[in-house]
Amino acid sequence: MAPASDTSSDGAFPTARARLAKLQTRVVCGRNLKLANYVRDVYASGAKMFTKDMFRQMEADLAKDPRPDRISVCSMNGMARSMSLSPYSPGNGSNAANDHVAHFGFKIYQSMIHNAEEGCNDEQADAIMDKEPITDEDRMYATQTVFLGWSYVDLTSPVDLARLQAAWDEAQALWLESDSYAKLTELVTKSKPKANKVICFGLGSLEGTVNYSTLDLKHSLDGLPRRSAITQHLAAITMATLLGQQQDTGRVPILVQDPAYTMLGQQFLAAQDIEVVGGNGALGFTHVDDDTLVFSCHPNVPVKQIVADIARPAAMLWNEVRLAEREAEWSIHTTYDGEETLCMPWVTDEDSPRTRELVKEYDMHTFCLDPERFGDLGFYVRK
């Protein structure tokens, strides 16, 4: 058998295995190591990766100009950096530019360190750069925690209202009879978190996308419709109802943020008295404070790292925080069509030194009775 090539079929890019080998053997040059240590030092000083003021300003700027040429964002070291947003230019088979909106993305602590150490990802280029001094622009870029990009948006629902309502009603009946419902009710009832609202991140589209409805996917264990997103929203209603009963206020407000909601999904949630937060990816975090119960399940946003910087919520129902740093082991993943891709060792909602410090202030209760609908979650209640 012939050895695997170091380049892709067109010879343009290194293969995943070649990139992995390079990562495993490459020595970090002195300049890149200094820059990575600078990121570590700024973080260790207590400087915030994220602040609510930063998010408010970013969202306000995009509200004024949804397709800006540039936008200013404050880096972790306190210096403002102007980011550009290249005009969207669809290629062959791409969607039209008017189907795309600007959105904010967030870097995690681990990727900031890795990016600084990786430098140019080229030994010869790094050898040349190693002789150059580290500039303020380098420091700003290395400590930049937010980026601006394009997101494809199709708000068309794959089903009609009657189908969504029937799926919701069925999922609700199953939820109220489930062990997870009983367990969550017990946790909230006994711990009595002092929260006056529930804010949810990344619970997902209720019904899927226009090309792929999720309403008929089956749970591998119980054989019933899985409907993870619907069930998670029902769990949010359960928690909000219990909090209201404990405080004699009626159900506390529920706010949700996820760009995947269809127009029908947004209207349906509004009818359930659930507020869908708008904005461009950061607005929901401006509502999080010390009186919030934060709820997320495997989100494609670093909820835990963001929350650790902006608040000490009354409670969090989210993926369990690992008490030790995850080993930085890159790996090869083979996709369904046989293509090999290089996978980073961190998930999007990775833990950090600050998330581990945050949860020391909380009592943790495991909530993992139904991993296909929720994943392995922990319920954290402030002591």
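Return a yes/no flag: does segment 226-241 have any residue that is among the β-branched types (V, I, T), surrounded by 21 or more Cβ atoms within 10 Å (Cβ to Cβ) and at pLDDT below 95. Steps first, answer last, please.
The first filter runs over segment 226-241 and keeps only residues among the β-branched types (V, I, T), leaving 230-231, 237-238, 241.
Applying the additional criterion that residues be surrounded by 21 or more Cβ atoms within 10 Å (Cβ to Cβ) yields 230-231.
From what's left, at pLDDT below 95: none.
No, segment 226-241 has no match at all.
S296 is checked against (1) on the phi > 0 side of the Ramachandran plot; (2) open to solvent by less than 10 Å² (accessible area, probe 1.4 Å); (3) small (G, A, S) and fails just one. What number does that condition carry?
With respect to (1) on the phi > 0 side of the Ramachandran plot; (2) open to solvent by less than 10 Å² (accessible area, probe 1.4 Å); (3) small (G, A, S), S296 is out only on (1).
Determine whether V359 is outside any strand (DSSP E or B) and open to solvent by 40 Å² or more (accessible area, probe 1.4 Å). Full working, then the answer.
On the way: outside any strand (DSSP E or B): yes; open to solvent by 40 Å² or more (accessible area, probe 1.4 Å): no.
For V359, the condition - outside any strand (DSSP E or B) and open to solvent by 40 Å² or more (accessible area, probe 1.4 Å) - is not met.
Please indicate, with yes or no, whether at least one residue in segment 264-283 is within 20 Å of L176 (Cβ to Cβ), in contact (Cβ under 8 Å) with a residue 12 or more places away in the chain and either of a type in the set (G, A, S) or open to solvent by 70 Å² or more (accessible area, probe 1.4 Å) (or both). Walk me through it before giving the result.
Within segment 264-283, the subset within 20 Å of L176 (Cβ to Cβ) is 268-269, 271-274.
Next, from what is left, pick out any that are in contact (Cβ under 8 Å) with a residue 12 or more places away in the chain: 268-269, 272-274.
Checking which are either of a type in the set (G, A, S) or open to solvent by 70 Å² or more (accessible area, probe 1.4 Å) (or both) leaves us with 273.
Checked segment 264-283: at least one residue is within 20 Å of L176 (Cβ to Cβ), in contact (Cβ under 8 Å) with a residue 12 or more places away in the chain and either of a type in the set (G, A, S) or open to solvent by 70 Å² or more (accessible area, probe 1.4 Å) (or both).
Which count do you get for residues in segment 55-70 that are out of contact with any Phe, Trp or Tyr (no Cβ under 9 Å at 6 or more places or on another chain) and either surrounded by 14 or more Cβ atoms within 10 Å (Cβ to Cβ) or over 12 Å from A102 (Cα atoms) (or both)? Don't jump to the end; show me each part of the working.
First pass over segment 55-70, keeping only residues out of contact with any Phe, Trp or Tyr (no Cβ under 9 Å at 6 or more places or on another chain): 56-57, 60-61, 63-66, 68-70.
Checking the rest, the ones that are also either surrounded by 14 or more Cβ atoms within 10 Å (Cβ to Cβ) or over 12 Å from A102 (Cα atoms) (or both) come to 56-57, 60-61, 64, 68.
The number of residues fulfilling the criteria is 6.
With the requirement that a residue be touching a strand residue (DSSP E or B) at 6+ places or on another chain (Cβ under 7 Å) and aliphatic (A, V, I, L, M), what does segment 284-310 give you?
Within segment 284-310, V288, L293, V294, V301, V303, I306, V307 meet the criteria.
Considering only segment 242-263, state which residues are more than 24 Å from the chain's Cα centre (by Cα) and open to solvent by 50 Å² or more (accessible area, probe 1.4 Å). First the steps, then the outcome.
Going through segment 242-263, the residues more than 24 Å from the chain's Cα centre (by Cα) turn out to be 242-252.
Once the filter is applied, which keeps residues that are more than 24 Å from the chain's Cα centre (by Cα) and open to solvent by 50 Å² or more (accessible area, probe 1.4 Å), segment 242-263 yields Q245, Q246, Q247, D248, T249, R251.
State whether the residues of segment 177-193 include one that is open to solvent by 70 Å² or more (accessible area, probe 1.4 Å), among the hydrophobic types (A, V, I, L, M, F, W, C), at pLDDT 95 or above and out of contact with any His (no Cβ under 6 Å at 6 or more places or on another chain). Spell out how you get there, then give the answer.
The initial filter retains those residues of segment 177-193 that are open to solvent by 70 Å² or more (accessible area, probe 1.4 Å), namely 177, 179, 186, 190, 192.
Narrowing further to those that are among the hydrophobic types (A, V, I, L, M, F, W, C): none.
No: segment 177-193 contains no residue that is open to solvent by 70 Å² or more (accessible area, probe 1.4 Å), among the hydrophobic types (A, V, I, L, M, F, W, C), at pLDDT 95 or above and out of contact with any His (no Cβ under 6 Å at 6 or more places or on another chain).
Any chance segment 46-69 includes a residue that's among the small types (G, A, S) and more than 18 Å from L283 (Cα to Cα)? Working first, answer last.
Step one: of segment 46-69, the residues among the small types (G, A, S) are 46-47, 60, 63.
Of the ones still in play, those that are also more than 18 Å from L283 (Cα to Cα) are 46-47.
Taking every residue of segment 46-69 in turn, at least one turns out to be among the small types (G, A, S) and more than 18 Å from L283 (Cα to Cα).
For T249, only one of the following conditions fails: (1) at pLDDT 95 or above; (2) within 22 Å of P313 (Cα to Cα). What is its number?
(1)
Do we find that Q144 is at pLDDT 85 or above, surrounded by 13 or more Cβ atoms within 10 Å (Cβ to Cβ) and part of a loop (DSSP other than H, G, I, E, B) in this structure? Step through it out loud before you land on a result.
On the way: at pLDDT 85 or above: yes; surrounded by 13 or more Cβ atoms within 10 Å (Cβ to Cβ): yes; part of a loop (DSSP other than H, G, I, E, B): yes.
Taking the combined requirement at face value, the residue satisfies it.
Return the total of residues in segment 41-54 being open to solvent by less than 40 Å² (accessible area, probe 1.4 Å), outside any helix (DSSP H, G or I) and not small (G, A, S).
2
Collect the residues in segment 205-225 that are at negative phi, crowded, with 17+ Cβ neighbours inside 10 Å, touching a Leu at 6+ places or on another chain (Cβ under 9 Å) and not in a loop (DSSP other than H, G, I, E, B), keeping them in residue-number order. Even if it seems obvious, please write down each step before you answer.
To start, the set of residues in segment 205-225 that are at negative phi comprises 205-207, 209-222, 224-225.
Pick out the ones that are also crowded, with 17+ Cβ neighbours inside 10 Å and you get 205-207, 213-215, 225.
Add one more test, that the residue is touching a Leu at 6+ places or on another chain (Cβ under 9 Å), and what stays is 206-207, 214-215, 225.
Correct list: P225 only.
For residues that are free of Cβ contacts under 8 Å to residues at least 24 places away in the same chain and among the small types (G, A, S), tally how many sit in segment 203-217.
In the first step, residues of segment 203-217 are kept if they are free of Cβ contacts under 8 Å to residues at least 24 places away in the same chain; the result is 214, 216-217.
Filter once more, keeping what is among the small types (G, A, S): none.
Count: 0.
The values are calculated or read from the model by the stated rules, or taken from the named source; none is laboratory data. Nothing here was measured: the structure is a model prediction, and the numbers come from that model. Cβ: placed from backbone, ideal geometry, glycine included. Neighbour counts: every protein chain shown. Please note that ligands, DNA and RNA were not included when accessible areas were found on the heavy atoms of the full protein model with its side chains. Shrake-Rupley method; radii C 1.70, N 1.55, O 1.52, S 1.80 Å.
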